[in-house]
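Only the coordinates and a few stated rules stand behind these numbers; no lab work does. Note that the coordinates shown come from a computational prediction; the quantities given were computed from them, not determined experimentally. A quick note on method: Cβ atoms are made from the backbone with ideal geometry, for glycine too, and the neighbour counts reach across all protein chains shown.
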Amino acid sequence: MSTGDGGAFGAGMAGAPFDPVQFIKKPQVILRLASTLFAIIVFGCILGEGWISDKCLMNNDANACGYGTGIGIIAFLLCLGFLVLDAMFENISSVQYRKYVVLADMGISGLWTFLWFVGFCYMTDAWRKTDQVPPHGYGRNNIQAAIAFSFFSIITWGGITFFAVRRYREGFGEAFAQRSSYDDQTQSSPYSSFPGSETGDPYQQPPFTSQKETPDFQQPTY
């Protein structure tokens, strides 16, 4: 695969100046920024008022609080990392490296969409089973916000996965089309036409042929 083309996998030509306005307008960047905010809300709400006396408010299930906090913090770090890669993507001249970035984005985004779905179901079920709520509604709003934004995270990470898959398919199609065009241009016939074939002269003799010479036959005399 050629590494000289800077326009593969949904990006512009390598070496183009960074445009922050166009960068912010990209759908995957908008979704990633939203996912970053949602992740902060989820683990921030749980760490803020999700615990009381070392007990998780969601049915006293420490795993529920720990799961929501863990995937929220990791999702926050992943979003920051991929935002940096999105900003640098235009300057990656190697098509192979661009492919690795898109594949990583596609795989991790798909995985985190699933993990957020599991987290939403887990925390919702744990909160539903909660019998005793602290007095004055302590932590209620935080837990409900964490559950709600874990659901919103499923949508945003699912959108990121969609755009990653589409970018991969577009990049694969562009690379295949360029390879086919290159093969068509470089392919040549192993046999050249013989003189006269262009003019359509049916009497023109092909090359590398010679007329068969027959010796003159004389009648013997007796």
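With Cβ to Cβ distances under 12 Å as the rule, what net charge do the other residues near TRP157 carry (K, R +1; D, E -1)?
Summing Lys/Arg as +1 and Asp/Glu as -1 gives 0.
May I ask you to evaluate 6.51 cos²θ - 1.76 cosθ + 1.60, the Karplus curve with θ = phi - 60°, for each residue of the range 98-106 and list the ³J(HN,Hα) values in order in whole Hz, giving x for glycine and proline?
Values per residue, Gly and Pro as x: 4, 4, 4, 4, 5, 5, 5, 4, 5 Hz.
Taking θ = phi - 60°, what integer Hz values does the Karplus form 6.51 cos²θ - 1.76 cosθ + 1.60 yield along the range 40-48, in sequence order, with x for Gly and Pro?
Result, rounded to whole Hz: 4, 5, 5, 6, x, 5, 5, 5, x.
Sequence-distant or interchain residues sharing an amide H contact under 5 Å with LYS55, placed H: which?
Under 5 Å from the amide H of LYS55 lies no amide H from a residue far enough along the sequence or on another chain.
Can you tell me the equivalent ellipsoid semi-axes for the range 64-143? Use √(5λ) from the Cα gyration tensor, largest first, whole Å.
Semi-axes from the Cα gyration tensor: 38, 13, 7 Å.
Rounded to two decimals, what is the ratio between the C-alpha radius of gyration of the range 28-179 and 2.2 N^0.38 Å?
On the way: Rg = 18.4 Å, N = 152, 2.2 N^0.38 = 14.8 Å.
Taking the Cα Rg and dividing by 2.2 N^0.38 Å, one obtains 1.24.
What full-extension length gain, to one decimal in nm, is calculated for ASP131 and SER93 as 0.36 nm per residue of separation minus the Cα-Cα distance? Walk me through the numbers before you get to the answer.
Values: separation 38, 0.36 × 38 = 13.68 nm, distance 5.78 nm.
Residue separation times 0.36 nm, minus the Cα-Cα distance, leaves 7.9 nm.
When the chain is fully extended, how far beyond the present Cα-Cα distance does ASN63 get from LEU47, taking 0.36 nm per residue of separation?
Using 0.36 nm per residue and subtracting the Cα-Cα distance, I get 4.4 nm.
What residues of the range 86-110 lie in the reach of a label at ILE24, counting those whose backbone N is under 18 Å from a point 7 Å from the Cα along Cα→Cβ?
Correct set: 86-88.
Could you list ASP105, ASP54, ASP61 in order of exposure, starting from the residue whose Cβ has the fewest other Cβ atoms within 10 Å?
ASP54, ASP61, ASP105
Through the Karplus equation 6.51 cos²θ - 1.76 cosθ + 1.60, θ set to phi - 60°, convert the phi angles of the range 155-162 into ³J(HN,Hα) values in whole Hz; use x for Gly and Pro.
Residue by residue, the range 155-162 yields 5, 5, 5, x, x, 4, 4, 4 Hz.
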